[in-house]
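Visitor: Dumping the structure here so I can ask a few things about it.
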Amino acid sequence: MGIIGTIFIGLIVGLIARFLKPGDDSMGWIMTILIGIGGAIAATYGGQALGIYQAGQGAGFIGAVIGAVVLLVLYGAIKKG
């Protein structure tokens, strides 16, 4: 997947993660994309390393959303502290 596709998927994953995580996350589009891309990368390598799923499976997208939510929680904790 190219860089444009990665950014687009990161945006979608970041938006879904912000929708699922309660609370006020006052961040811009760039940070949303970066959180989404970070969650996707963490879930891809983590899930495949643990043998949970293979590359290209739908579970990878779900894992990316979960990874992005975890990153949002960590971001909120760091920002407050």
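Visitor: If you check every pair at least six apart or on different chains, which have Cβ atoms under 7 Å apart with a residue in the range 65-81 that is in contact (Cβ under 8 Å) with a residue 24 or more places away in the chain and crowded, with 19+ Cβ neighbours inside 10 Å first and a residue that is among the charged types (D, E, K, R) and in a helix (DSSP H, G or I) second?
Guide: Hits for this filter: Leu72/Arg18.
Yes/no matrix, rows are residues, columns are (1) surrounded by fewer than 10 Cβ atoms within 10 Å (Cβ to Cβ); (2) of a type in the set (A, V, I, L, M); (3) modelled with pLDDT of 80 or more:
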site	(1), (2), (3)
Gly2	yes, no, no
Thr6	no, no, no
Gly23	yes, no, no
Leu34	no, yes, yes
Ala43	no, yes, no
Gln54	no, no, no
Ile62	no, yes, yes
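The values are calculated or read from the model by the stated rules, or taken from the named source; none is laboratory data. What you are looking at is a predicted structure, and each value in this text was computed from that prediction instead of being measured. For neighbour counting, all protein chains shown are included, and Cβ atoms are generated from backbone atoms with ideal geometry for every residue, glycine included.
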